[in-house]
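First comes the structure, then the notes that go with it.
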Amino acid sequence: MRQLLAFEYRKLVRSKALYICLIVMAVLSVAGVIITRSTMNMLNSFGGMYDDDLMGAGGFFSGYSGMRYLVSSCKGTNMTIFFAIFVTIFICADFTEGTIKNIVARGFSREKVFFAKSIVICSGSVVFSILSMLVGFIAGTIAFEAGSGFDGGVVVTLLVQLLAMIAYTMMNVLLGVLFGKLGGALTLGIIIPLVYPLLIQLLDLLIVVLSKNYDVRSDFFSRFTVGTNIDKISELDVPGNDLLIAAVIFAVYILFFTLLGVLAIRKKEV
């Protein structure tokens, strides 16, 4: 197992896709902060006529700071797209180039190969996410201010967010194993996080419409999705109960995708 891990880590460090995604992520994060800051400056240039509605307490542009960008950096579709790109490239390359076949021929079990790849790619995803958080914090601090409120609760929030990123990673690992080719795995890796929430919201709406109980939750199904929970905990001062529920849901998804991945690689032709 140690040999497999060393081999996979060397591949990860040499992966061009990882560095390209990191650079694009940093550029988009900084661009988002610049756009927000520029919009605020433009509105201020109108003589403060929008201050009460947009800039004041509770306004759309209120509360922007490095801390806010720190806890919201993993929120949104950009991160899921980046994970889909570099995870599927990393996994599918071994199938298309015959690397896995050679590794298995040397006596390593398929399960060990799968877990070695999963451990390495998940650790890479964690580093990717932490760098995204740092870029968001630095850019937000430069554009606005550092903000306040960094405490143990924020640390726990960030750690739970990393579980969500691992869940997305394992989903893409599963897709890479199932398809073995970049096209299908990458397409679904991008489409699923975009389409799945919409389908779940339609089911929520259907439950509300069909139910005679008017107290039924409008998020009957969506409260159990990764996307809904990552949105919920991408704020400052997240209630501990929300963090606990999110952590359990993310852990269940990680376990689910891992088990399916093990079953898939057992049946996979390499």
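The values are calculated or read from the model by the stated rules, or taken from the named source; none is laboratory data. The model shown is predicted, which means the values in this text are computed figures rather than measured ones. Because the Cβ atoms are built from the backbone with ideal geometry, glycine has one as well, and the counts that use them run over all protein chains shown.
For PHE150, work out the one condition from (1) more than 12 Å from the chain's Cα centre (by Cα); (2) assigned to a helix (DSSP H, G or I); (3) not small (Gly, Ala, Ser) it doesn't fulfil.
Status for PHE150: all satisfied but (2).
Yes/no per residue for (1) closer than 27 Å to ASN229 by Cβ; (2) at pLDDT 85 or above:
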residue: LEU5; (1), (2): no, yes
residue: ASN41; (1), (2): no, no
residue: GLY63; (1), (2): yes, no
residue: ALA93; (1), (2): no, no
residue: VAL113; (1), (2): no, yes
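Given the structure, is GLY180 within 28 Å of GLN3 (Cα to Cα) and either within 11 Å of the chain's Cα centre (by Cα) or surrounded by fewer than 24 Cβ atoms within 10 Å (Cβ to Cβ) (or both)? Spell out the reasoning first.
Values: within 28 Å of GLN3 (Cα to Cα): yes; either within 11 Å of the chain's Cα centre (by Cα) or surrounded by fewer than 24 Cβ atoms within 10 Å (Cβ to Cβ) (or both): yes.
So GLY180 passes the test.
Which of the residues that make up the stretch 1-27 are within 26 Å of LEU134 (Cα to Cα) and among the charged types (D, E, K, R)? Give the derivation first.
Pass one, the stretch 1-27, residues within 26 Å of LEU134 (Cα to Cα): 8-27.
Matches in the stretch 1-27: GLU8, ARG10, LYS11, ARG14, LYS16.
Name the residue that is surrounded by the most Cβ atoms within 10 Å (Cβ to Cβ), counting only residues in the stretch 87-98 that are in contact with a helix residue (DSSP H, G or I) (Cβ under 7 Å, 6 or more places away or on another chain) and under 13 Å from LEU175 (Cβ atoms). Lay out the reasoning, then the answer.
Narrowing the stretch 87-98 to residues in contact with a helix residue (DSSP H, G or I) (Cβ under 7 Å, 6 or more places away or on another chain): 87-92, 94.
Remaining after also requiring under 13 Å from LEU175 (Cβ atoms): 87-92.
On the way: VAL87: 31, THR88: 26, ILE89: 20, PHE90: 22, ILE91: 26, CYS92: 22.
Applying the filter and picking the extreme gives VAL87.
In the stretch 115-147, what residues are among the β-branched types (Val, Ile, Thr) and either in contact with a His (Cβ under 7 Å, 6 or more places away or on another chain) or crowded, with 18+ Cβ neighbours inside 10 Å (or both)? Explain how you work it out, then say what you get.
We begin by selecting, within the stretch 115-147, every residue among the β-branched types (Val, Ile, Thr); these are 119-121, 126-127, 130, 135, 138, 141-142.
Across the stretch 115-147, the qualifying residues are VAL120, ILE121, VAL135, ILE138.
Which residue, of ILE166, ILE130, ILE190, ILE200, is under 12 Å from the mean Cα position of the chain (by Cα), free of Cβ contacts under 8 Å to residues at least 40 places away in the same chain and at negative phi?
Numbers: ILE166 fails: free of Cβ contacts under 8 Å to residues at least 40 places away in the same chain; ILE190 fails: free of Cβ contacts under 8 Å to residues at least 40 places away in the same chain; ILE200 fails: under 12 Å from the mean Cα position of the chain (by Cα).
Only one candidate qualifies: ILE130.
Here are some conditions: (1) modelled with pLDDT under 85; (2) assigned to a helix (DSSP H, G or I); (3) not hydrophobic (A, V, I, L, M, F, W, C). GLY136 meets all but one. Which one does it not meet?
Single failed check for GLY136: (1).
Looking at the stretch 215-268, which of its residues are part of a loop (DSSP other than H, G, I, E, B) and either closer than 15 Å to ASP204 by Cβ or free of Cβ contacts under 8 Å to residues at least 40 places away in the same chain (or both)? Reasoning before the result, please.
Here is the first cut: in the stretch 215-268, the ones part of a loop (DSSP other than H, G, I, E, B) are 215-221, 225, 233-239, 268.
The answer is ASP215, VAL216, ARG217, SER218, ASP219, PHE220, PHE221, THR225, PRO239.
Restricting attention to the stretch 188-215, which residues are in contact with a helix residue (DSSP H, G or I) (Cβ under 9 Å, 6 or more places away or on another chain) and either over 25 Å from VAL248 (Cα atoms) or surrounded by 14 or more Cβ atoms within 10 Å (Cβ to Cβ) (or both)?
Result: LEU188, GLY189, ILE190, ILE192, PRO193, TYR196, PRO197, ILE200, GLN201, ASP204, TYR214.
Looking only at the stretch 99-114, which residues are out of contact with any Gly (no Cβ under 8 Å at 6 or more places or on another chain) and either surrounded by 22 or more Cβ atoms within 10 Å (Cβ to Cβ) or touching a residue at least 40 places away in the same chain (Cβ under 8 Å) (or both)?
ILE100, LYS101, ILE103, VAL104, PHE108, ARG110, GLU111, LYS112, VAL113 - these are the residues of the stretch 99-114 that are out of contact with any Gly (no Cβ under 8 Å at 6 or more places or on another chain) and either surrounded by 22 or more Cβ atoms within 10 Å (Cβ to Cβ) or touching a residue at least 40 places away in the same chain (Cβ under 8 Å) (or both).
Within the stretch 1-31, track down each residue that is small (Gly, Ala, Ser) and touching a residue at least 24 places away in the same chain (Cβ under 8 Å). Before you say what the answer is, go through the steps one by one.
Of the residues in the stretch 1-31, the ones small (Gly, Ala, Ser) are 6, 15, 17, 26, 29, 31.
Hits for the stretch 1-31 are SER15, ALA17, ALA26, SER29.
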